[in-house]
Amino acid sequence: MKKSYRVKKEKEFQTVFQHKQSCANRRFVVYVLEKPEQKHFRVGISVGKKIGNAVVRNAVKRKVRTSIYQLKESIDPTCDFIIIARPGVDKLTSEEMHSNIMHVLKLAKILK
């Protein structure tokens, strides 16, 4: 995924968090910030230390990025969102993770 599709800076993360619009399921939490003037969506991924060591956390991030990339065409382009992984997500297969991400994005009304 290109860098223009990512929320990277701490200030941008805090802006999305301060908007306080969130949805969650058992495996993920999603914070959303609507930006009507934006050309495409941007996503930030956060995986905490409770999930595992750096190798495990990076593997989870790769799986999340892959799922987002597969859903790219059906995601609302006018929003920034942050996906936070909850403990236990490291034990999921790629298919289970993809279905959980689809579920939480539908709850957040990000998927078209």
- Message: Whether any residue in segment 87-97 is under 19 Å from Phe13 (Cα atoms) and crowded, with 16+ Cβ neighbours inside 10 Å is what I want to check.
- Response: no
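Please tell me if Tyr69 is open to solvent by 40 Å² or more (accessible area, probe 1.4 Å) and assigned to a strand (DSSP E or B). Reasoning before the result, please.
Values: open to solvent by 40 Å² or more (accessible area, probe 1.4 Å): yes; assigned to a strand (DSSP E or B): no.
No, not satisfied.
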- Query: Which residues, counting only those in segment 39-57, are within 22 Å of Phe17 (Cα to Cα) and either touching a Gly at 6+ places or on another chain (Cβ under 9 Å) or part of a helix (DSSP H, G or I) (or both)?
  - Reply: Ile51, Arg57
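The values are calculated or read from the model by the stated rules, or taken from the named source; none is laboratory data. Please read these numbers as outputs of a predicted model, since none were measured by experiment. Neighbour counts run over all protein chains shown; Cβ positions are idealised from the backbone, glycine included. Side chains included, ligands, DNA and RNA excluded: accessible areas come from the protein's heavy atoms. Shrake-Rupley method; radii C 1.70, N 1.55, O 1.52, S 1.80 Å.
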